[in-house]
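**Student:** Structure provided below as structure tokens; questions to follow.
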Amino acid sequence: MRYNALQILVQAFRRNQGWERAWRDPEPQPYYDILIVGGGGHGLATAHYLAKVYGISNVAVLEKGWIGSGNVGRNTTIIRSNYLLPGNGPFYEFSLKLWESLEQDLNFNAMVSQRGILNLFHSDAQRDAFVRRGNAMLLAGADAVLLDASGVAKMYPQLDYENARFPIKGGLLQPRGGTVRHDAVAWGYARSADQHGVDIIQNCEVKGFTIENGVCSGVETSRGPIKASKIAVCVAGSSSRVMAAAGLRLPIESHVLQAFVSEGLKPLIPGVITFGAGHFYISQSDKGGLVFGGDIDGYNSYAQRGGLAVVEDVCEGGMALMPMIGRARLLRMWGGIMDMSMDGSPFIDKTSIDGLYFNGGWCYGGFKATPASGRCYAHLLATNEPHPLAGAYRLDRFLHGRMIDEKGAGAQPNLH
Ligand SMILES: Cc1cc2nc3c(=O)[nH]c(=O)nc-3n(C[C@H](O)[C@H](O)[C@H](O)COP(=O)(O)OP(=O)(O)OC[C@H]3O[C@@H](n4cnc5c(N)ncnc54)[C@H](O)[C@@H]3O)c2cc1C
């Protein structure tokens, strides 16, 4: 069933009783060409591109919970491509371009909203760093505009420009950045993959791998064993735990990241703002809630909830940036498990075990990467060669000193 205006009209006359299920609920088959472990954004996108671009549809996505239960449905929905280094910039710009045509590709309204992302700077040195970043973005084919304080004030008059410690001196704006409704991304990719013949199997936890003589030929699941020629793991925050079942140790730690939503307010923040003097970022949802977040909780955890110390820290960042936020009531908050790599950049690579592939280490920035990650992972699985834009995301880069330390300080957990 295609979604379009005529369909809405037809279904209205049928009292909305004629809508089909968005995807089937198949039983696992004994064998697939490719098994994707993890039905988050990246796993579902990989399935979609495998089927649509590479014509490989004897594929199953195995999800231990339900579609959307992981980070794809827990993030703060920001997309952007404001990266500095060659290994990252072109990849994230590719992703942003895929976002721009995603809804037509999937025939699904994911509410892609290019409302602009503004990174504030508060010192001359920080402005110099942002000028450099902006130039790197332009060279990578992205868009970037440098604003002074008056330019920022035209967009956001409510910010605290005279703050004694952190005066706002300007910002680097990426007008094509923005937000996307996160769970719609999972649903859109799932529906499209299913329509191309992929089996999406929920409530199916992978508990182990069948490995003989260095070759992986299947998985043990809570719904029985399944064989496959290739097994593609992309389980985000559970990466270390799942790969440990294959005997592999990853350069990844798992940490909690929290998100917060206020009560609904009248339109106040048209785009996305990041504070440059602390870890705080904010946007406003179409329902009016202020959506914001900050630092990871500083301890390793597999719990999808965080501690109060970080709640205080994030709210302090908000108060320093826009004191009026102190009058808004917090409506809800939650946590997700982040797969924090040791240089802040991800992995899309083969492993040392034949037939076993790995995608992870997305830290707290993997939502915006969803389309490019899926496309590049599908390329690796279909051709056994890395996609040219993801060639730097190798698992052995620490061994050879080829880290992609984006901020110079890294997003790595020990520096938070
Ligand atoms: C609070 C918060 C805010 C964030 N904000 C942003 C943002 O604004 N912008 C941005 O770009 N990124 C953001 N992120 C990061 C982003 O959400 C993640 O990097 C990205 O979603 C991870 O990829 P995924 O969607 O595939 O993960 P997930 O949705 O977590 O998918 C992994 C799936 O694997 C499943 N799984 C785990 N173990 C097994 C198993 N043994 N067998 C089968 N299935 C298994 C899980 O149930 C899960 O569904 C944020 C994250 C959080 C938590």
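**Student:** Classify segment 74-131 as rounded, prolate or oblate from the Cα gyration tensor: take a ≥ b ≥ c as the square roots of its eigenvalues, call it rounded if a/c is under 1.5, otherwise prolate when a/b beats b/c and oblate if not. Numbers along the way, then the final one.
**Tutor:** Numbers: a/c = 3.23, a/b = 1.91, b/c = 1.69.
It comes out prolate by the Cα gyration axes.
**Student:** With +1 on each Lys and Arg Cβ and -1 on each Asp and Glu Cβ, how big is the dipole of the chain about its Cα centre, in debye rounded to the nearest 20?
**Tutor:** 760
**Student:** For VAL311 paired with SER150, estimate the spin-label separation in nm (one decimal), with each label point 7 Å from Cα along the Cα-to-Cβ line.
**Tutor:** My value for the distance between the label points is 4.3 nm.
**Student:** Another question about this same structure. Helix 308-321: angle to the longest alpha-carbon principal axis of the chain, degrees 0 to 90, nearest 10?
**Tutor:** 50
**Student:** Now a separate question. Could you state the angle between the C-alpha long axis of helix 41-52 and the longest principal axis of the C-alpha atoms of the chain, as a value from 0 to 90 degrees rounded to the nearest 10?
**Tutor:** Approximately 50 degrees, to the nearest ten.
**Student:** Could you tally up the Lys pairs in the chain with alpha carbons closer than 13 Å? Skip any pair fewer than 8 positions apart unless they're on separate chains. If you can, show how the numbers build up before the last one.
**Tutor:** Values: LYS64/LYS207; LYS97/LYS368; LYS230/LYS350; LYS266/LYS287.
Pairs that pass both the separation and distance tests number 4.
**Student:** Follow-up. Show me 365-378, 195-208 ranked by packing, highest mean number of other Cβ atoms within 10 Å first.
**Tutor:** Most protected by this proxy first, the peptides run 365-378, 195-208.
**Student:** In addition: Do you know the relative contact order of the chain, to the nearest whole percent, from alpha carbon pairs under 8 angstrom that are 6+ apart? Working shown, then result.
**Tutor:** Numbers: 950 pairs, mean separation 90.5, N = 416.
Rounded, it is 22 percent for the chain.
**Student:** If you don't mind, there's one more thing I want to ask. Just LEU102, LEU118, LEU139 to compare: in a GNM of the chain, with alpha carbon springs under 10 Å, which one fluctuates most?
**Tutor:** LEU139
**Student:** Follow-up question, since we're still on this one. Measure out, as a whole number of angstrom, how far apart the alpha-carbon centroids of segment 331-347 and segment 118-141 sit.
**Tutor:** Their Cα centres are 24 Å away from one another.
**Student:** Using alpha-carbon positions, what is the distance between the centroids of segment 51-77 and segment 233-285, in Å?
**Tutor:** Centre-to-centre distance over Cα atoms comes out at 18 Å.
**Student:** If you don't mind, there's one more thing I want to ask. Which shape class applies to segment 211-289: rounded if a/c is under 1.5, otherwise prolate when a/b exceeds b/c and oblate if not, where a ≥ b ≥ c are the square roots of the Cα gyration tensor eigenvalues?
**Tutor:** prolate
**Student:** Specify which residue in the list GLN195, GLY208, HIS182 is farthest towards the positive end of the charge dipole of segment 179-224, using unit charges on the beta carbon of Lys, Arg (+1) and Asp, Glu (-1), about the Cα centre.
**Tutor:** The one lying farthest along the dipole's positive direction is HIS182.
**Student:** Need the C-alpha centroid separation for segment 1-27 versus segment 369-396, integer Å.
**Tutor:** Each part's Cα centre sits 34 Å from the other's.
**Student:** Given the DSSP H assignment, sum -39500 (n - 2.57) over each helix run of at least 4 residues in the chain and divide by its residue total; what's the result at 222 nm in deg cm²/dmol, nearest 500?
**Tutor:** So the helix-based figure for the chain works out to -8000 deg cm²/dmol.
**Student:** Next question, about the same structure. Rounded to the nearest 5, what is the percent of antiparallel bridges among the DSSP beta bridges in the chain?
**Tutor:** So the antiparallel bridges in the chain amount to around 70 percent.
**Student:** Report ³J(HN,Hα) in whole Hz for each residue of segment 77-83, in order, from the Karplus equation J = 6.51 cos²θ - 1.76 cosθ + 1.60 where θ = phi - 60°; Gly and Pro get x.
**Tutor:** Each residue's phi maps through the Karplus curve to give 6, 8, 10, 5, 9, 8, 9 Hz.
Readers should treat all values here as calculations from the given coordinates under stated rules, not as data from a laboratory. None of these values were measured; they are calculated from a predicted model. Positions of Cβ are generated from backbone atoms using ideal geometry, with glycine treated the same way; all protein chains shown enter the neighbour counts.
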